[in-house]
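No lab work stands behind these numbers, since they all come straight from the coordinates. Small disclaimer: the values here were computed from a predicted structure and weren't measured. Here the Cβ positions follow ideal geometry from the backbone for every residue, glycine too, while neighbour counts run over all protein chains shown.
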């Protein structure tokens with residue numbers, strides 16, 4: 001089973017719809033929208049729960065209510081909780097908005113965080129084997145079955161920008177002064193689009209855009225290809 005950890009409700013809605021509509025994907029998906037880490041921990045990560053979800057689903061998508069710094073706290077906590085507790089190999093994808101920051105800079109931050117985790121004796125009774133290969137962080141419990149392979153994927157700017165840009169393009173509204181998101185936040189423009197075309201339902205705007213337009217527009221972009229390949 002693979003787990004996607006992303007930054008908020010909008011991300012979960014978008015990815016869930018994208019995977020469900022993508023002809024290249026054939027996975028059973030369980031989504032946790034706007035939850036806390038404690039909910040992820042008690043509902044998915046505990047042994048008996050994990051075995052159920054691992055048997056029933058191919059992919060879990062977890063959004064953490066949009067709190068900042070998930071690569072520093074949530075990501076390593078999930079790895080340390082799961083490592084060595086299950087026989088199967090587990091893939092964990094950390095999907096972050098790049099917000100204009102270079103991938104290499106975000107990768108370095110995650111690399112530092114996981115490097116510290118691999119040497120943290122408070123998290124592990126016996127330190128795991130740890131290495132990086134082709135941009136994948138690999139944790140292996142010494143003398144036990146199973147391993148975790150973790151990877152960072154970044155969304156250009158943020159998922160709200162992807163939604164707004166894609167919807168405006170396909171509705172021939174790119175040159176609209178009202179929806180000019182170069183002059184105001186994509187979150188504001190997304191709210192305006194939802195008010196004008198989706199009875200104020202932002203979630204419906206996201207789902208509609210992801211399933212009808214975005215999956216065809218972004219499937220050849222590097223970040224989207226990586227998400228599809230590693231999920």
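Results, tabulated for the structure shown:
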read-out	value
Ranked packing of 125-134, 94-103, most packed first, by mean Cβ within 10 Å	94-103, 125-134
Exposure proxy ranking, count of Cβ atoms within 10 Å, fewest first, for 73, 177	177, 73
Entry for log10 I(q)/I(0) by the Debye sum over Cα atoms at q = 0.13 Å⁻¹ (calculated from the structure that is shown) out of (i) -0.78; (ii) -0.71; (iii) -0.86	(i)
Highest-MSF residue in the chain out of 214, 203, 150 [GNM, Cα springs under 10 Å]	203
Antiparallel DSSP beta bridges within segment 2-156, as percent of all bridges there, nearest 5	30
Protection proxy ranking of 12-21, 113-122 - average other beta-carbon atoms within 10 Å, highest first	12-21, 113-122
Distance (nanometres) between label positions extended 7 Å along Cα→Cβ at residue 55 and residue 177	6.3
Radius of gyration, Dmax [segment 159-216; alpha carbons; angstrom]	10.1, 27
Helix 103-117 vs. the chain, principal-axis angle (Cα, 0 to 90°, nearest 10)	30
Degrees between helix 9-21 axis and first principal axis of the chain (Cα, 0 to 90, nearest 10)	90
